[in-house]
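To start, the structure under review is shown below, and the notes come after it.
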Ligand code: KIV
Ligand code: NA
């Protein structure tokens, strides 16, 4: 089936077709996820957690994001590939933001970038959009601001924060963002944002009223075993599958069962 574009996502929302999005960080997994029929692949800065073993997304560098995005692009034919802009590469000023986004587009060939925040970074978003680079917004729980929030708990439960989020969502749409991710906010608020905006609203822990859903690949495949928030549905138990397979290999090597006569030259 045909290549997914930002325009196609807007059409999907208009038709009430839900959008499926999942993260990937490498060639082999991106290829499997693309072949399964994913609409959008996000090269998330969650790579910091699930690939690099950090406790936050803050250490991720532009070079590291480009390396992951480049690998994902090589495995992807149909899905739209969006690359996160890492912490510290777009908050300074619009020109710094633009040159970071240009590096991602030129060096990785990703097709869009994602940025965390609303009003605070709107000038950077506008500058990037004016260069013809599609931008996906990200509001609610924005992990790059963990040191300000202090926790990864649900955001925008209170009226003032909910009102700001609604205002920011409109600001992002008016600026020209092609979609918005809403992370870990009350379902009622996410439903309201999705109904007020014409651009797709992709939720993670934001309920069924969104126009699409996104999850971190390692979480939904059961590789990241310690992580089990309410919003996470596990579609596989790859953690145990991998440990069982590796355990069998170890046993076979130790018992001289592997390799056998047919497995040698
Ligand atoms: O980095 C990431 O994986 C994300 C998604 C959770 C939306 O930003
Ligand atoms: Na991210």
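The values are calculated or read from the model by the stated rules, or taken from the named source; none is laboratory data. Just so we're clear, the structure is a prediction, and the values are computed from it rather than from any experiment. FYI the Cβ positions are ideal-geometry reconstructions off the backbone, even for glycines, and counts take in every protein chain you see.
Listed conditions (1) under 14 Å from the mean Cα position of the chain (by Cα); (2) farther than 23 Å from residue 173 by Cβ are all met by residue 53, apart from (1). Among the residues making up the range 236-263, those that are closer than 30 Å to residue 83 by Cα and either touching a helix residue (DSSP H, G or I) at 6+ places or on another chain (Cβ under 6 Å) or part of a loop (DSSP other than H, G, I, E, B) (or both) are 236, 237.
Per-residue answers, yes or no, for (1) within 16 Å of the chain's Cα centre (by Cα); (2) modelled with pLDDT of 95 or more; (3) within 20 Å of residue 133 (Cβ to Cβ):
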position	(1), (2), (3)
6	yes, yes, yes
44	yes, yes, yes
78	no, yes, no
94	no, yes, yes
105	no, yes, yes
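Residues that are in contact with a helix residue (DSSP H, G or I) (Cβ under 7 Å, 6 or more places away or on another chain) and part of a strand (DSSP E or B) within the range 197-220 comprise 201, 203, listed in sequence order.
Residue 233 falls short on exactly one of the conditions (1) more than 22 Å from residue 51 (Cα to Cα); (2) within 21 Å of the chain's Cα centre (by Cα); (3) assigned to a loop (DSSP other than H, G, I, E, B), and that condition is (1). Restricted to the range 130-160, and to residues there that are touching a strand residue (DSSP E or B) at 6+ places or on another chain (Cβ under 9 Å) and more than 24 Å from residue 112 (Cβ to Cβ), the residue that is surrounded by the most Cβ atoms within 10 Å (Cβ to Cβ) is 156.
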